[in-house]
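Engineer: Below are the structure tokens for one structure; questions will follow.
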């Protein structure tokens, strides 16, 4: 089922509406305050989303990781991410929080399909960046001062 979402997300990523979000995302990356507001809004939407779909929790957790990555990027703590990946991810977040969708969210059963599909496609494409960031997060939480002590 997740592979179906990824394929559908790839199709949605080619939609002219999503391409507009790509342009807005490129501009937004240079505006940390507005980007922080987007992250907060997207995080809230992810926390409030409910689904019985088996892959949803995994997608939600990965997008929350991406939100942490962007926060670390904004603060200058983490820069080991491709700009293109960052722009696409921000475009997906913009699409997620904006009420204008390819499939309107108010349609029962189908309304979140485009959101979830775009997220699944992005997460699938962004897996390497997520892994690098998680390794960086893990390394930061390790107490390096304890090395060599008895």
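The values are calculated or read from the model by the stated rules, or taken from the named source; none is laboratory data. All values derive from a computational prediction rather than experimental measurement. Don't worry about glycine lacking a Cβ; one is built from the backbone with ideal geometry, like all the others, and counts go over all protein chains shown.
Engineer: Could you please let me know if residue 6 is assigned to a helix (DSSP H, G or I), within 13 Å of the chain's Cα centre (by Cα) and at pLDDT below 85? Talk me through it step by step, then tell me what you get.
Structural biologist: Details: assigned to a helix (DSSP H, G or I): yes; within 13 Å of the chain's Cα centre (by Cα): no; at pLDDT below 85: yes.
Considered against the rule, which asks whether it is assigned to a helix (DSSP H, G or I), within 13 Å of the chain's Cα centre (by Cα) and at pLDDT below 85, residue 6 comes out as no.
Engineer: Take the residues of the range 9-19 that are surrounded by fewer than 16 Cβ atoms within 10 Å (Cβ to Cβ), touching a helix residue (DSSP H, G or I) at 6+ places or on another chain (Cβ under 9 Å) and more than 13 Å from residue 96 (Cα to Cα): which is modelled with the lowest pLDDT?
Structural biologist: 15
Residue-wise test of (1) modelled with pLDDT under 80; (2) farther than 21 Å from residue 4 by Cβ; (3) in contact with a helix residue (DSSP H, G or I) (Cβ under 6 Å, 6 or more places away or on another chain); (4) not in a helix (DSSP H, G or I).
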{"position": "44", "(1), (2), (3), (4)": "yes, yes, no, no"}
{"position": "57", "(1), (2), (3), (4)": "yes, no, no, no"}
{"position": "61", "(1), (2), (3), (4)": "yes, no, no, no"}
{"position": "74", "(1), (2), (3), (4)": "no, yes, yes, no"}
{"position": "89", "(1), (2), (3), (4)": "no, yes, yes, no"}
{"position": "108", "(1), (2), (3), (4)": "yes, no, no, yes"}
{"position": "131", "(1), (2), (3), (4)": "no, yes, no, no"}
{"position": "145", "(1), (2), (3), (4)": "yes, yes, no, no"}
